[in-house]
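The values are calculated or read from the model by the stated rules, or taken from the named source; none is laboratory data. Please read all numbers here as calculations on a predicted model, not as lab measurements. For neighbour counting, all protein chains shown are included, and Cβ atoms are generated from backbone atoms with ideal geometry for every residue, glycine included. When the accessible area is computed, the model is the full protein with side chains, heavy atoms only, and any ligands, DNA or RNA have been set aside. Shrake-Rupley method; radii C 1.70, N 1.55, O 1.52, S 1.80 Å.
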Amino acid sequence: MGAGIAQVSAQTNHKVTLVDLSEKVLTSSEKRIRTSVSRVAKKLFKDDNKASEAFIEDTMGRLSLVSDGGEALASADLVVEAITENLPLKQRLFREWDEVCPEKTILASNTSTLRISDIMKNVKRQDRVGGLHFFNPVPVMKLLEVIRTDSTSDQTFNAMSAWGRAIGKHTVACKDTIGFIVNRLLGPYIQEALAMVERGDATFQDVDAAMKLGAGYPMGPFELLDYTGLDLHKFINENPDHPFRQESKLINSMVEQGKLGVKSGEGFYKYK
Ligand code: CAA
């Protein structure tokens, strides 16, 4: 998701540094971003190849991809963290960033399953923290959930919301509650879809077809699970704090077999 967030920011005239420890991830992210920006350019400029090329190169020119974020952190206006849902690691990183970032920097997390106040526990600048929760695929989904903790200042909340609008998103506000708005509602839906298939009420293919053709959803719940990652769903099930915690033998066994969804080439469906 970090690549998508970096992309939409760079596309809208923001200077962005994408940081990942792995050079391999950086190389594949750059490729993915270029492909995605090209899709956006094709839509925006249709047959105007010159304008399309300029848009792609301008966007890529505003983007740096580095394995050491030190220099970027020293002057950043905003840091958006999008690492794996590992609470101790997030807490450690935000403590470090709090030390090295200038006063002006707002520290934000893209977590979908954890509380922002837990993630920011060790941060001193409690008035300049918040949540910026994006949706997959980031370049396409128009929503951004802007989350404030009890100590987030109005100035920080307004700045995060203004940035969200500046990158072309429709922003909605939510308190620091587990799942925020979208996942709070998607959670029970996905859990019940899994329970139906585990009970043998219907096949996953038929549940997907039913929700697409009968409720107008762009993806069925099992396509969505594949898309967001079965490992993320397993993580939700293992979080004792989570309101939709519900053991799924099906998900556990698929994750054990390395079937994580689109990212691993197979989940409920197979992907090229
Ligand atoms: N970059 C740029 N553009 C992209 C893109 C990408 N990565 N992916 C798709 N697009 C564009 C395409 O260019 C295309 O544009 P046009 O319609 O103008 O041609 C458009 O999006 C549709 O793409 P496709 O034709 O390839 O595919 P589709 O019509 O099947 O749509 C989809 C794909 C947008 C993913 C659609 O299936 C969808 O909306 N699915 C639901 C996604 C969803 O629910 N996301 C939320 C997940 S929950 C989450 O993210 C929260 C969390 O905490 C993890």
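What the table below lists for this structure:
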read-out	value
Percentage relative contact order, the chain, counting C-alpha pairs under 8 Å, at least six apart	13 percent
Normalised alpha carbon radius of gyration of the stretch 173-212 [divisor 2.2 N^0.38 Å]	1.45
5 Å binning of all Cα-Cα separations within the chain, expressed as whole percents from 0 upward	1, 6, 11, 15, 17, 16, 14, 10, 6, 3, 1, 0
Share, in percent, of DSSP beta bridges within the chain that are antiparallel, nearest 5	25 percent
Under 5 Å, built H, 5+ apart or other chain: amide partners of S64	V16, T17, L18
Dipole magnitude (debye, nearest 20) for the stretch 183-264, charges at Cβ of Lys, Arg, Asp, Glu	100 debye
1.4 Å probe accessible area per residue over the chain, in Å²	54 Å²
Accessible surface of the chain [probe 1.4 Å, protein heavy atoms]: carbon and sulfur percent	53 percent
Over the chain: helical MRE at 222 nm, DSSP H runs n ≥ 4 each giving -39500 (n - 2.57), nearest 500	-15500 deg cm²/dmol
Rel. contact order, % - alpha carbon contacts under 8 angstrom, at least six apart, the stretch 125-272	15 percent
Size of electric dipole in the stretch 29-74: Cβ of Lys, Arg +1 and of Asp, Glu -1, about Cα centre, debye, nearest 20	360 debye
5 angstrom amide H check on I106, placed H, neighbours 5+ away	L78, V79
The chain, dipole about Cα centre (Lys/Arg Cβ +1, Asp/Glu Cβ -1), debye to the nearest 20	500 debye
Fraction in percent of alpha-carbon pairs per bin - 5 Å, the stretch 183-264	3, 16, 26, 28, 20, 7, 1
Principal axis box of the stretch 28-101, alpha-carbon based, largest edge first, Å	48, 26, 18
The stretch 183-264, relative contact order in percent, only Cα pairs under 8 angstrom and at least six apart counted	27 percent
Kirkwood Rh and Cα Rg combined as Rg/Rh, the stretch 139-236	1.07
Hits among lysines - C-alpha to C-alpha of K175 under 25 Å, sequence gap 8 or more where chains match	K90, K104, K121, K124, K142, K234
Order of exposure, largest accessible area first, which applies to D68, D208 with probe 1.4 Å	D68, D208
